[in-house]
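What follows draws every value from the coordinates through simple rules; no lab data is involved. Since the structure is predicted, the reported quantities are computational estimates derived from the model, not experimental observations. Here the Cβ positions follow ideal geometry from the backbone for every residue, glycine too, while neighbour counts run over all protein chains shown.
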Amino acid sequence: MDDTVLPKKGRHSVGVAPQYATVLGKNANCQTLVLLTLALLEVHVVVGLRLFLPESWTSDL
C-alpha cells in the first residue's frame, strides 16, 4: 500500500487541495492517490487505486 502525489496548479481538478506532498517534502496543491500493489520479484501489479479526498472536499459547508 502506498500513496502517490500529483502536484497540481489551480483548484479545478477533483480532490486538489493544499496537503503534504511526500515527493516534494512540503505542503502543496496536489491530488493524492492511494495504491494497493502486489509484487513478485520484478513484477508489480496494481490491484487497487483510489483518489484520496481531503476534508475540504467531503465536508458540508
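Some observations on this one:
- Listed peptides 24-36, 1-13 appear in the order 24-36, 1-13 once ranked by packing, highest mean of other Cβ atoms within 10 Å at the front.
- With each label modelled as a point 7 angstrom along the Cα→C-beta vector, the Val46-Ser13 pair spans 1.3 nm.
- The structure-derived value of volume of the Cα convex hull per residue in Å³ appears in the list (1) 117; (2) 107; (3) 98 under the label (3).
- When only Cα pairs below 8 angstrom with a gap of at least 6 residues are kept, the chain shows a relative contact order of 31 percent.
- Extended-chain gain in nm, criterion 0.36 nm per residue less alpha-carbon gap, Asp3 and Thr37: 11.1 nm
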